[in-house]
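Please read the structure below before turning to the comments.
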Amino acid sequence: MRSQYEYLAVLGVCVLITVPLEWMGRGVYRRGPELARAVAPVLVVLAVWDVIAILRGHWSFHPEATTGVLIGGVLPLEEVLFFVAIPLCAVLTYEAVCGHQERWLTRSARRSRHG
């Protein structure tokens, strides 16, 4: 039997796993306005898409798999959090990988000029 909090738990684990990437990258959480500009379009587009799909009967959520908290009376809270958590995890991962690569390339360039 599935818990109504399972979806929230999975999202929480995704965010927790990627939190250490904050220190590997360029400080995603410390750049709130930039992070909001990266996540907001994803949230808006996918939320509108989901609401339309739900209202047209193309998409639904099993009531036992969600907490029952609906945003705007239509969209489950978990789905809205999904549209924030997953892009956040993606940005953290991207910044950690690209930031690390950028620092490595910068150090390599300095070494080749001085070596």
Two pseudo-spin positions, 7 Å from Cα along C-beta at Leu43 and at Ala9, lie apart in nanometres by 2.6 nm
Computed D for the range 1-59, Stokes-Einstein, Kirkwood radius over alpha-carbon pairs, 20 °C, 1.002 mPa s, to the nearest µm² per second, is 152 µm²/s
Sorted on mean Cβ neighbours within 10 Å (highest first), peptides 25-33, 53-61 come out as 25-33, 53-61
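Based on alpha-carbon positions alone, could you give the equivalent ellipsoid semi-axes of the range 1-101 from the gyration tensor, as √(5λ), descending, whole Å?
Listed largest to smallest, the semi-axes of the range 1-101 are 29, 16, 10 Å.
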Pseudo-spin-label distance Arg31 to Leu16, built 7 Å along Cα→Cβ, given in nm, is 2.7 nm
With x for Gly and Pro, the residue-by-residue ³J(HN,Hα) of the range 39-48, computed from phi through the Karplus equation 6.51 cos²θ - 1.76 cosθ + 1.60 at θ = phi - 60° and given in whole Hz, is 8, 4, x, 4, 4, 5, 4, 6, 5, 4
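Read the figures in this text as sums done on the coordinates, not as results from a lab. From a predicted model like this one, the values you see are computed outputs, not experimental measurements. Every residue, glycine as well, gets a Cβ built from its backbone with ideal geometry; the counts of neighbours run over all protein chains shown.
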